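In what follows, a structure is listed as structure tokens, so that the remarks can point back to it.
Each value in this text was obtained by applying a stated rule to the coordinates, not by laboratory testing. Predicted model only: the values in this text are computed from it and were never measured. Positions of Cβ are generated from backbone atoms using ideal geometry, with glycine treated the same way; all protein chains shown enter the neighbour counts.
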Amino acid sequence: MENNAVDNFQEKMESSIKKYYSSQLSDNINRALLNNVKKGIWCWRPPYGYVKHENKISIDRRQSKVVKKIFKLKSEGYTITQIQYKTRRAKLSAGQITRILKNVFYIGYIKHKGSYYPHKHGRIV
């Protein structure tokens, strides 16, 4: 009987320690991520129109032309479907075009957890 209580206590302690470790690791990662974002460093896969070379993000000349065209067409009043047709060679879905138009990265900012930070990777628009 006493052995079951001790075993149960040990299991709960081990579980609590593992949860604490996982939580602490998550906090450390999120803190490092926020520090990079505040420095203007993009920490994820680059958005359409950008390319990553040796841990640096730069503007992709071919794709950036498509992004500029998307923004230009939208400013002229074209619908997403019309934009998709006019940029069909890029093979972008309507959802991808919508995400491009909503992404502040193209105008020089990183949106992270509701806050905006200027980035260092060059603006397309």
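What list do you get for Lys102, Lys74 if you sort them by fewest beta carbons within 10 Å?
Sorted ascending by nearby Cβ count, the order is Lys102, Lys74.
What 222 nm value per residue comes from the helices of the chain, counting each DSSP H run with n ≥ 4 as -39,500 (n - 2.57) and dividing by all residues, nearest 500 deg cm²/dmol?
-18000 deg cm²/dmol
Using a basic spin-label model with each label point 7 Å from the Cα along Cα→Cβ, how many nm lie between Lys120 and Ser15?
With each label placed 7 Å out from Cα toward Cβ, I get 4.5 nm.
Which percent of the Cα-Cα distances in the stretch 45-125 go past 14 Å?
Taking all Cα-Cα pairs of the stretch 45-125, the fraction more than 14 Å apart is 62 percent.
How much FRET efficiency would the formula 1/(1 + (r/R0)^6) give for Val104 and Leu25, where r is the Cβ-Cβ distance and R0 is 25 Å, rounded to 0.05?
0.30
Any chance you could count the Lys pairs in the stretch 45-125 whose alpha carbons are under 15 Å apart, treating pairs 8 or more apart or on different chains as valid?
So the count of such lysine pairs works out to 16.
Take each complete run of DSSP H in the chain, measure how far its Cα atoms stretch along the helix's own axis, and keep only those covering 18 Å or more with mean Kyte-Doolittle hydropathy at least -1.0; list them.
Qualifying helices: 61-75.
Give me the extension gain from Leu34 to Glu76: residue separation times 0.36 nm, minus the current Cα-Cα distance, reported in nm with one decimal.
Result for the pair: 11.5 nm of gain on full extension.
What is the distance in Å between the Cα centres of the stretch 1-38 and the stretch 82-125?
38 Å
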